[in-house]
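First comes the structure, then the notes that go with it.
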Amino acid sequence: MTLLNTQKGKWYQVRNIEEKENVQRRLEALGILTGTRVLVLNQKKSGSTIIRVRGTRWAIGRDIAEGIVVEDYDEK
Amino acid sequence: MKNEHIIQVAFVGNPNCGKTTLFNALTGANLKVANWPGVTVEKKEGYTSYKGQKINLVDLPGIYSLTSYSIEEKVSRRCVMEDNIDVIVNVVDASSLERNLYLTMQLLELGKPVILAMNMMDVVKERGMEIDNHRLPEMLGHIPVVPVSARKRMGLNVLLHAVKHHYEEDVEEKVVVYSDSLEQKISSVEQRLHEKYPDLRYLRWTAVKLLEADEETLEEYSLDAPDILDRSYEKEIINQKYDYIEEVVEEVLFYKDSSKEGKTDKVDTLLTHPFWGVPVFLGIMAFVFFLTFTIGDALKGVFEVGLDMLLNGAGAFLAGLNASDWVISLVVDGVIAGVGGILTFLPNIFILFLALGILEDSGYMARVAYVMDGIMGRVGLSGKAFLPMVLGFGCTVPAVMATRTLEKEADRRRTMILTPFMSCSARLPIYVLFSSMFFPQHAAIAAFSLYVLGLLVAIVLAMILGKIKRGESAGSLLMELPEYKMPNARTIAIYVWEKVKDYLSKAGTTIFVASIVIWFILNFGIHGMVTDVQQSFGAVLGHWLEPVLAPAGLGLWQVAVALIAGLSAKEVVVSSMAVLFGISNINSAAGMTGMSTALGQFGFGAVNAYALMVFCLLYTPCMATIATIKKESNSWAFTLKLVVFQLLLAYVAAVVVFQVGSLIV
């Protein structure tokens, strides 16, 4: 699944990032890469999502959220 | 003598880490703002001294990493690598240490003296966290770690002390130790680099960058080593850096009381609510507007009394000096009536910018980008493009400059087209005056409706532009939402003071000159000074435009002249009306009655007034905006097309309002 089909308030782990080269590199520099844990804080119908990564909140647009492939992450 | 060397310090840090506040606290007024050569990135330089040691400081743009994907990153990278930079002060937001340390790790790899300035320690405490200030430097190659508070001006001397004493020491460049296989590669690349470029100072840094396949480094330090540089190891390198950071954070950061965490998240559940986010935003803007109108009006009385005294005093004083009539007329009817009239709006302007400053400093502005992302997405723009538009309520000039934050040139231009339709503070005096005169019962609503209208025009226009440019996908939203914090009085005071200063200096320059020019064209004709205003240059010019403006209900030569004069600055519409109708204190009750009576004689009523306000909302904001759009778009063709479009749109809209309005009323 991608970040678009996630639930608010749950942790996920990034499995893969399928973005255009430049977006992917920007995400990586921000610490969003394969294996990173992500908490979904908020999501709108339009797909705009707020996530928490490494202690910081990020607002991301629909098309970026769409390219972040995640899987459930067990908090333990 | 060692002391004669001036230490050069570069300030580097993430956006929102309080770097600029710290920089301002250190340099005070001793600063110089310019652009970096060749790019539209601001370069701020300042100086200070500590115990006789002169220190120069450069404030670099806020960046998340030292890659070379954005202009800001390239500029910062080139600067810190320059030989004359002695020390790097890395400002970090201690409350989000994990992300901030990534840049730190990259800086450390340079092997240059780095000092870590830990800002926002108060937030850390508030959130019930604690940072081990002894363990942290140990894990960062024993660099000095100085807790500072930019807002409370604490720790500044300790920081300067560290700069003075640390600048000559080199640091361990090997803070992050990568996996064995990577380290092996790094040392063989280092070896070959050393053979080929014996003077290269940043061996480890360059080796790592080559392994990351960094474009700029590949060009500058090409190395023929296909056996080692067989592919990009960027992912591994980033991952291992973050692994180490996680280790650091785990060891130095303690949660004493985790219950305090998440205050921001609680506030965000309302402010960024999927449904309520937009109404809340509109409510906040309406409240800001309400304050601007009511409190501003209450304060205005004081200014009016002062202006009245000045007008009478100046007239009497000049008459006492036996000044000739034209001098008295120039000073009293021209300069004081024009400039003074504008100054009475200062309370409104002050409140508006105070509110915008608080919204920005508290961290809410970034949320607006998220809240509006869906709506903006429908017109093909990212939520980020909405921020310049909000700033446009203050002043169009900085708003147009703020479009720089959009990566795509096409998005930038479209946002530049939309921004002028946000009613800037210079348009406020026009709304205040005409709403109060012609809609006395509903003045606030009448004025607010223009703000909404501007917004609607922008949205419709954005949709049309989005249709034209279909297929071209907009740059997507990717934006940090900072922690909410209590707005800082000092930061906001500086912000508001700068805007008020701009307004005052505009009153002193542009509006001053415009008032004199208007006075001149009204009091002089081809035969010299005239007693009958109908003979003046202004009347001739205005009469010529009357038939054109008549369908919009603006067929009064005085209005025509005021609108033309308004191109210098929108407030001038008001000041020239004052001069044109010879009303000395236009913003007072007596002044307004005088004006509406004068206008009423020409059959200029409420519908005409509304058409006038619509015209003022939509037509070209001012010369300064035109100049800024030209500078930012770097295209005269684009700028001129935009101006023509604005004039046409304003005209058509005013005609529609007047014609339809006349049928109803």
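The values are calculated or read from the model by the stated rules, or taken from the named source; none is laboratory data. None of the values given here were measured: they were computed from a predicted structure. Quick reminder, even Gly has a Cβ in these numbers, built from the backbone with ideal geometry, and neighbours come from all protein chains shown.
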Practice problem: Give the range B:389-408 a look and list any residue that's assigned to a loop (DSSP other than H, G, I, E, B) and at pLDDT 85 or above, or say none. | Solution: B:G392, B:F393
Quiz item: Yes or no: B:S435 outside any loop (DSSP other than H, G, I, E, B), away from every other protein chain (no Cβ under 14 Å), buried (at least 21 other Cβ atoms within 10 Å of the Cβ) and not β-branched (V, I, T)?
Solution: yes
Quiz item: Just checking, which of A:L33, A:L27, A:L41 is touching a helix residue (DSSP H, G or I) at 6+ places or on another chain (Cβ under 7 Å) and closer than 23 Å to B:S68 by Cβ?
Solution: A:L33
Practice problem: Among the residues of the range A:54-76, write down those that are crowded, with 17+ Cβ neighbours inside 10 Å, more than 8 Å from chain B (Cβ to nearest Cβ) and assigned to a strand (DSSP E or B). | Solution: A:I68, A:V70
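Each row is one residue, and each column tells you yes or no for (1) assigned to a strand (DSSP E or B); (2) crowded, with 16+ Cβ neighbours inside 10 Å; (3) modelled with pLDDT under 90.
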site	(1), (2), (3)
B:Q8	yes, yes, no
B:T20	no, yes, yes
B:G38	no, no, yes
B:L57	yes, yes, no
B:G62	no, yes, yes
B:V75	no, yes, yes
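Residue-by-condition table, conditions (1) closer than 21 Å to B:F615 by Cβ; (2) surrounded by 17 or more Cβ atoms within 10 Å (Cβ to Cβ):
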residue: B:K499; (1), (2): no, yes
residue: B:N523; (1), (2): no, yes
residue: B:M529; (1), (2): no, no
residue: B:W544; (1), (2): yes, no
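Residues are listed down the side, and each one gets a yes or a no for (1) assigned by TED's automatic domain parsing to the domain that holds B:V80; (2) of a type in the set (A, V, I, L, M); (3) touching a residue at least 40 places away in the same chain (Cβ under 8 Å):
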site	(1), (2), (3)
B:K112	yes, no, yes
B:L116	yes, yes, no
B:M120	yes, yes, yes
B:V123	yes, yes, yes
B:E130	yes, no, yes
B:R135	yes, no, yes
B:L140	yes, yes, yes
B:P144	yes, no, no
B:P147	yes, no, yes
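Just checking, does the range A:16-23 include any residue being surrounded by fewer than 16 Cβ atoms within 10 Å (Cβ to Cβ), in contact with a Ser or Thr (Cβ under 8 Å, 6 or more places away or on another chain) and either more than 24 Å from B:L381 (Cβ to Cβ) or not β-branched (V, I, T) (or both)?
Residues of the range A:16-23 surrounded by fewer than 16 Cβ atoms within 10 Å (Cβ to Cβ): A:16, A:18, A:20-22.
Keeping just the survivors that are in contact with a Ser or Thr (Cβ under 8 Å, 6 or more places away or on another chain) gives A:16.
This time we only want the ones that are either more than 24 Å from B:L381 (Cβ to Cβ) or not β-branched (V, I, T) (or both), so: A:16.
Yes: one or more hits.
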Self-check item: Output for the range A:34-51, where each listed residue is within 9 Å of chain B (Cβ to nearest Cβ), surrounded by fewer than 18 Cβ atoms within 10 Å (Cβ to Cβ) and either in a helix (DSSP H, G or I) or not β-branched (V, I, T) (or both)
Solution: A:G35, A:K45, A:S46
Quiz item: Taking the condition free of Cβ contacts under 8 Å to residues at least 24 places away in the same chain and buried (at least 18 other Cβ atoms within 10 Å of the Cβ), does B:G466 pass?
Solution: no
Exercise. Check the range B:333-353 and report whether any residue there is within 19 Å of the chain's Cα centre (by Cα), farther than 20 Å from B:V572 by Cα and not aromatic (F, W, Y).
Key: yes
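Select from the range B:340-388 the residues that are among the hydroxyl-bearing types (S, T, Y), in contact with a Leu (Cβ under 8 Å, 6 or more places away or on another chain) and at pLDDT 85 or above and list them in ascending order. Before the answer, list the steps.
So in the range B:340-388, the residues among the hydroxyl-bearing types (S, T, Y) come out as B:344, B:362, B:364, B:370, B:382.
After this cut, where a residue has to be in contact with a Leu (Cβ under 8 Å, 6 or more places away or on another chain) as well, the list is B:344, B:364, B:370, B:382.
Passing the criteria: B:Y364, B:Y370.
How many of the residues in the range B:606-637 are in a loop (DSSP other than H, G, I, E, B) and out of contact with any helix residue (DSSP H, G or I) (no Cβ under 8 Å at 6 or more places or on another chain)?
Quick first cut of the range B:606-637, residues in a loop (DSSP other than H, G, I, E, B) only: B:619-622, B:634-635.
After this cut, where a residue has to be out of contact with any helix residue (DSSP H, G or I) (no Cβ under 8 Å at 6 or more places or on another chain) as well, the list is B:634-635.
Count: 2.
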Practice problem: Answer with yes or no whether A:E66 is at pLDDT below 90, within 25 Å of B:M376 (Cα to Cα), among the charged types (D, E, K, R) and out of contact with any Phe, Trp or Tyr (no Cβ under 7 Å at 6 or more places or on another chain). | Solution: no
Practice problem: Could you check how many residues of the range B:214-245 are closer than 17 Å to B:E190 by Cβ and of a type in the set (S, T, Y)? | Solution: 4
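Of all residues being aliphatic (A, V, I, L, M) and either closer than 19 Å to B:Y102 by Cα or in contact with a Cys (Cβ under 9 Å, 6 or more places away or on another chain) (or both) in the range A:15-33, which is farthest from the other protein chains (Cβ to nearest Cβ)? Just the residue, please. Give the steps one after another, and end with the answer.
Of the range A:15-33, the ones aliphatic (A, V, I, L, M) are A:17, A:23, A:27, A:29-30, A:32-33.
Next cut, either closer than 19 Å to B:Y102 by Cα or in contact with a Cys (Cβ under 9 Å, 6 or more places away or on another chain) (or both) only: A:23, A:27, A:29-30, A:32-33.
Values: A:V23: 7, A:L27: 8, A:A29: 4, A:L30: 6, A:I32: 9, A:L33: 6 Å.
By that ranking, first place goes to A:I32.
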Practice problem: Output the number of the condition that B:S49 fails; it satisfies all remaining conditions of (1) without any contact (Cβ under 8 Å) to a residue 24 or more places away in the chain; (2) assigned to a loop (DSSP other than H, G, I, E, B); (3) of a type in the set (G, A, S). | Solution: (2)
Exercise. Only one of these is hydrophobic (A, V, I, L, M, F, W, C) and either outside the structural domain of B:Q8 (by TED's automatic domain parsing) or out of contact with any strand residue (DSSP E or B) (no Cβ under 8 Å at 6 or more places or on another chain) (or both): B:I88, B:I63, B:I71, B:I55. Name it.
Key: B:I71
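In the range B:391-413, what residues are among the charged types (D, E, K, R) and buried (at least 24 other Cβ atoms within 10 Å of the Cβ)?
In the first step, residues of the range B:391-413 are kept if they are among the charged types (D, E, K, R); the result is B:404, B:407-409, B:411-413.
Listed by number, the list is empty, since nothing qualifies.
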